[in-house]
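Participant: Have a look at the structure that comes next, please.
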Ligand SMILES: [Ca+2]
Ligand SMILES: [Ca+2]
Ligand SMILES: [Ca+2]
């Protein structure tokens, strides 16, 4: 189980908090990358409505939102697929992570858990 926490430490106002776990790999050929995850997102109720947390997957910095909660709540999912097409041969990085656009108090915290993370490669059929 992977766990990422954003915020929750002090009352300093901070925008754009993120964190995650990275996996580097090299493709011999161009193809399709599918990231499969089980996930849970917990954005605590202390946030205001303009503040949100996300569970995110990134490939080389391309940000895909799996789930987003503003102002507090919980969501989860199993075997969620995120697809990236036409991924070029060469070195790449997949990140599974968390993002929080803003926190202004010490009791505001976004937590994301991941389990059963799989990175699947499918060669393009041309
Ligand atoms: Ca608050
Ligand atoms: Ca706040
Ligand atoms: Ca503050």
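Participant: Suppose the filter is within 16 Å of ligand 2 (Cβ to nearest atom) and more than 24 Å from residue 1 (Cα to Cα); does residue 48 pass it?
Facilitator: Yes.
Participant: Only one of 38, 13 is surrounded by fewer than 18 Cβ atoms within 10 Å (Cβ to Cβ) and either within 16 Å of ligand 2 (Cβ to nearest atom) or without any contact (Cβ under 8 Å) to a residue 60 or more places away in the chain (or both); which?
Facilitator: Only one candidate passes the filter, namely 13.
Participant: Test residue 74 against the stated conditions and say whether it is more than 16 Å from ligand 3 (Cβ to nearest atom), exposed (fewer than 12 other Cβ atoms within 10 Å of the Cβ) and in a strand (DSSP E or B).
Facilitator: no
Participant: Please tell me if residue 29 is part of a loop (DSSP other than H, G, I, E, B) and under 19 Å from residue 93 (Cα atoms).
Facilitator: The answer is yes for residue 29.
Participant: Can you find even one residue in segment 118-125 that is over 19 Å from the mean Cα position of the chain (by Cα), away from ligand 3 (no atom under 16 Å from the Cβ), in a loop (DSSP other than H, G, I, E, B) and touching a residue at least 60 places away in the same chain (Cβ under 8 Å)?
Facilitator: Checked segment 118-125: at least one residue is over 19 Å from the mean Cα position of the chain (by Cα), away from ligand 3 (no atom under 16 Å from the Cβ), in a loop (DSSP other than H, G, I, E, B) and touching a residue at least 60 places away in the same chain (Cβ under 8 Å).
Bear in mind that the values in this text are calculations on the coordinates, not laboratory data. As the structure is a computational prediction, the values presented were derived from the model and not from experiment. All Cβ positions, even for glycine, are placed from backbone atoms using ideal geometry, and neighbour counts span all protein chains on display.
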